[in-house]
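The values are calculated or read from the model by the stated rules, or taken from the named source; none is laboratory data. Quick caveat: nothing in here was measured; it's all calculated off a predicted structure. Every residue, glycine as well, gets a Cβ built from its backbone with ideal geometry; the counts of neighbours run over all protein chains shown. SASA here: full protein model, heavy atoms, side chains in, ligands and nucleic acids out. Shrake-Rupley method; radii C 1.70, N 1.55, O 1.52, S 1.80 Å.
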Amino acid sequence: MRVLVLAPSAYLLGGVQDWLANLVPGLRAGGLEVTVAVPDGDHHRHGPYAQAYPALAAQPLANPSGSVEGRIRAIATLLGTLNPELVLGVNLVDLYPAAQRARRQGRFHGRVVMTLHALQAEYFDDLRRHGAGIDAVIATNRLACRLASERGGMDPARVLYAPYGVPVPPWQAPGGDPADTLKLAWVGRLEQAQKRVHDLPPLLTALKALGLEVQLSIAGDGEERSALERSLAPWIAAGTVRLLGHVNQHRLAEEIYGHHHGLVITSAWETGPIVAWQAMASGMAVVSSRYVGSGLEGALEHDTTALLFRCGDVAAAAAQLARLRQGALLERLSRAGHALVAGRYSEGASLAAWRRAIEQVMELSPLSGIPPEPDPAPAGRLDRWLGRRRGEDLRQLLGQRFRHGSAGSEWPHSGGEADGAVEADLLAAAGRLDHPGAPHG
């Protein structure tokens with residue numbers, strides 16, 4: 001079966017990139033003919049992406065004009081050239097109108113799938129806007145599946161689940177005495193809205209108040225790095241905290257996973273996270289917020305596979321971390337977490353789930369009809385004078401090109417940007433679904 005994967009190329013870090021780098025070789029080994037295409041422009045650059053993920057053998061997708069119409073044409077042309085039986089869309093919203101156009105022109109007859117990796121309002125808006133032309137959603141989280149139906153309007157029969165997967169070596173206990181020095185790690189993107197990195201300084205203060213001797217390694221980069229470095233300056237100077245910056249998967253295995261007693265997760269929401277499964281696979285214990293996305297997934301169970309605290313409650317987080325000084329508890333959590341990942345989130349289990357989901361997509365009944373293609377706002381004067389398509393013809397003929405200030409405008413993840421109030425409403429509603437009976441604000 002011919003499969004096309006469309007993904008951004010501006011982002012070389014993160015769980016989605018690691019997931020794709022592992023999934024595609026597995027699908028190919030199973031007999032699928034998988035082509036990966038990524039944008040090539042000013043911010044989305046094919047060259048660095050291909051260098052970072054050589055096994056994907058990704059091909060470039062160019063938009064000479066930089067306009068919305070140019071993006072749709074580029075994808076529609078690729079669909080018409082390859083005519084894949086299945087397309088997996090990874091955070092490139094222009095796939096959906098492009099697929100409608102290629103279908104209407106009789107050049108593409110395959111299935112279109114949204115792979116869903118986030119609990120953000122804009123993606124569920126995209127489902128409502130483009131869902132009539134999307135054959136299925138494959139989400140990596142049970143709550144995301146529910147939201148795709150309840151917020152995105154997808155038929156539940158067309159919403160499928162397939163989790164992320166990680167390598168699982170034989171179980172090994174974390175080294176060092178936690179009662180002497182508790183070695184902790186935090187791994188992820190350094191930002192506040194989702195990851196809540198600014199909970200870390202008050203958490204360290206709370207741990208000190210409990211009399212704990214702690215070493216914290218922070219692996220990651222992002223927009224809050226400078227601010228976090230300033231707020232952690234006393235701990236960095238004392239050698240209590242190491243701020244490592246971006247750490248690739250090889251270094252994570254060599255320096256983080258299996259070399260600390262516990263992984264700390266402070267997030268407001270997650271659709272994994274892969275870092276939790278990686279830490280558990282290495283024998284580390286997980287001490288995590290009850291983030292939105294952890295409830296229906298059912299992997300992190302307090303006092304069984306992890307220790308949990310209410311999101312933002314640093315005193316409770318410190319109290320749970322302090323319990324890791326008990327060697328028997330640490331070993332019990334370590335063994336239980338390792339067994340959980342080996343059974344549910346190993347590379348083999350994940351690949352089997354994704355193959356099964358792909359097979360289910362192909363068994364679905366075809367969509368009824370081809371919905372009309374959305375008509376975006378004019379990109380400029382040529383579009384207003386001549387119409388969007390003729391304006392684009394002339395733009396490409398004259399070699400005119402829009403310059404974009406960010407990767408998100410050059411090749412958008414989604415069709416809109418939800419404001420803070422909308423995101424807060426979604427998170428509250430999602431929290432009620434994920435943790436019934438718990439307070440949500």
Debye, to nearest 20: dipole size of the chain, +1 on Lys, Arg Cβ, -1 on Asp, Glu Cβ: 680 debye
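Within 10 Å, count the other beta carbons around each residue, average over each peptide in 221-227, 255-261, and list them highest first.
Values: 221-227: 15.0, 255-261: 22.3.
The densest-packed peptide leads the list: 255-261, 221-227.
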Cα lying deepest toward the dipole's positive end in the chain, options Gly15, Ala76, Thr305, charges on Cβ: Ala76
From phi via Karplus (6.51, -1.76, 1.60), per-residue ³J(HN,Hα) for region 33-50 in Hz, x at Gly/Pro: 8, 9, 10, 10, 10, 10, x, 10, x, 7, 9, 8, 10, 5, x, x, 5, 4
Order by protection proxy (mean Cβ within 10 Å, highest first), peptides 356-369, 36-49: 36-49, 356-369
Charge-dipole axis of the chain as Lys and Arg at +1 and Asp and Glu at -1 on Cβ define it, positive-most pick from Thr140, Ser217, Gly262: Thr140
Nearest-20 debye value, region 21-177 charge dipole, Cβ charges on Lys, Arg, Asp, Glu: 460 debye
For region 196-238 and region 44-79, distance of Cα centres in Å: 39 Å
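If R0 is 30 Å, what FRET efficiency do you get for Leu32 and Asp313 from their C-beta distance, rounded to 0.05? Before the final figure, lay out the partial values.
Details: r = 45 Å, r/R0 = 1.51.
Step by step, r from the Cβ atoms, then E = 0.10.
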log₁₀ of I(q)/I(0) at q = 0.09 Å⁻¹ - the chain, Debye sum with one point per alpha carbon: -0.60
The chain - share of DSSP beta bridges that are antiparallel (%, nearest 5): 0 percent
Angle between the chain longest axis and helix 95-104 axis [Cα atoms, degrees, rounded to 10]: 30 degrees
Convex hull volume per residue in cubic angstrom - Cα atoms of region 47-101: 100 Å³
Mean-position separation - Cα centroids, region 283-311 and region 322-372, in angstrom: 15 Å
Dipole magnitude of region 201-308 about its Cα centre (Cβ charges: Lys, Arg +1; Asp, Glu -1), debye to nearest 20: 260 debye
Accessible area of the chain belonging to carbon and sulfur atoms, whole % at 1.4 Å probe: 51 percent
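Sorting check: for 145-154, 277-286, 12-21, which peptide has the highest mean count of neighbouring beta carbons within 10 Å, and how do the rest follow? Could you put the intermediate results ahead of the total?
Numbers: 145-154: 20.3, 277-286: 27.0, 12-21: 18.7.
Sorting 145-154, 277-286, 12-21 by mean packing, highest first, produces 277-286, 145-154, 12-21.
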Residues with amide H under 5 Å from that of Gly245, placed H, sequence gap 5 or more: Gly220
Degrees, to the nearest 10: 388-398 long Cα axis against longest axis of the chain: 90 degrees
Probe 1.4 Å, accessible area per residue of region 264-385, Å²: 40 Å²
Charge dipole of the chain about the Cα centre (unit charges at C-beta), most positive-ward option of Ser67, Ile370, Pro178: Ile370
Ellipticity estimate at 222 nm from DSSP helix runs (n ≥ 4, -39,500 (n - 2.57)) divided over the chain, nearest 500: -12000 deg cm²/dmol
Amide H contacts under 5 Å for Leu160, placed H, 5+ residues apart: Val137, Ile138, Ala139
Label point distance in nm, Gln326-Ala238, each placed 7 Å from Cα along Cα→Cβ: 2.6 nm
Rounded to 10°, Cα long-axis angle of helix 420-434 versus longest principal axis of the chain: 60 degrees
Cut-off 11 Å between beta-carbons: net charge of the residues surrounding Asn248, Lys and Arg +1, Asp and Glu -1: -2
